[in-house]
Amino acid sequence: MSRKRQNAGSKNNMAAKPEEIITEEEQLRIIQESGILKIATENQATISPIVGRKDEPSKATLIDELLDTVILLIPFSFLYVGMDIMVKQQYAQHPNFREELEQYLSAIPILALFIFYSNRYKPKLLLQIAMSLASVASGCRLVYIINKSPFGIVIQQAPPLGVIWVYTIVQLHLAYACLALAAVFVYVRAYGMKIVF
């Protein structure tokens, strides 16, 4: 049975006609006569106002900006809660669920507004400079309060300062982020502070 199939397959291959080679000019003539290009350009013209053309830069809509805010808000809000719990645990305070939820709900609107507007104007040079300064200020202040302040101030200020510092470093362009981190490093070295205890 298998030999019959092999023989039939080889006969079909021998009987096949060699393919004809069509020149480019002939291919273009066939395409133009068929009208396929006209249909494709008409379809693109009707679709492009909705989807947007690839050669035109698309502007972010408000919905895109809100979704970007939510995408960034989720990890940074959990970073805030995690830092708050860790700082309180470090000083032998054990917060309950209700306290953490109240603090979380009070911090989320402020964090959401900060993320929304800083993400909207992220490419602007003025915002990059302002976020660099905020990064240096929050980083230096965080290191200072961890080294020199009493535990009450550390518990209140360390979580928001830590989130601001991490967020500004994440949102900065690489050169500005490196400069901001270098400035905090110089501050730590100049004043003999400790980062790791």
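Would you please give the FRET efficiency between residue 39 and residue 79, computed as 1/(1 + (r/R0)^6) with r the Cβ-Cβ distance and R0 = 41 Å, to the nearest 0.05?
Between residue 39 and residue 79 the formula returns 0.20.
Net charge near residue 120: determine it from the other residues with C-beta under 11 Å of the C-beta of residue 120, scoring Lys and Arg +1 and Asp and Glu -1.
-1
Would you please give the FRET efficiency between residue 98 and residue 125, computed as 1/(1 + (r/R0)^6) with r the Cβ-Cβ distance and R0 = 25 Å, to the nearest 0.05?
After rounding to 0.05, the efficiency reads 0.05.
Along the Cα→Cβ direction, 7 angstrom out, place labels at residue 63 and residue 113. What is the inter-label distance in nm?
Using points 7 Å along Cα→Cβ, the separation is 2.6 nm.
On a full-extension model of 0.36 nm per residue, what is the gain between residue 189 and residue 24, subtracting their alpha-carbon distance, rounded to one decimal in nm?
The residue 189-residue 24 span can extend by a further 52.4 nm.
On the full set of protein chains, 1.4 Å probe, figure out the accessible area of residue 91 and give it in Å² to the nearest 10.
80 Å²
The values are calculated or read from the model by the stated rules, or taken from the named source; none is laboratory data. Source: prediction; values computed, not measured. No Cβ is skipped: glycine too gets one built from the backbone with ideal geometry, and neighbour counts run over all protein chains shown. In case anyone asks, the SASA skips ligands and DNA or RNA and just uses the protein heavy atoms, side chains included. Shrake-Rupley method; radii C 1.70, N 1.55, O 1.52, S 1.80 Å.
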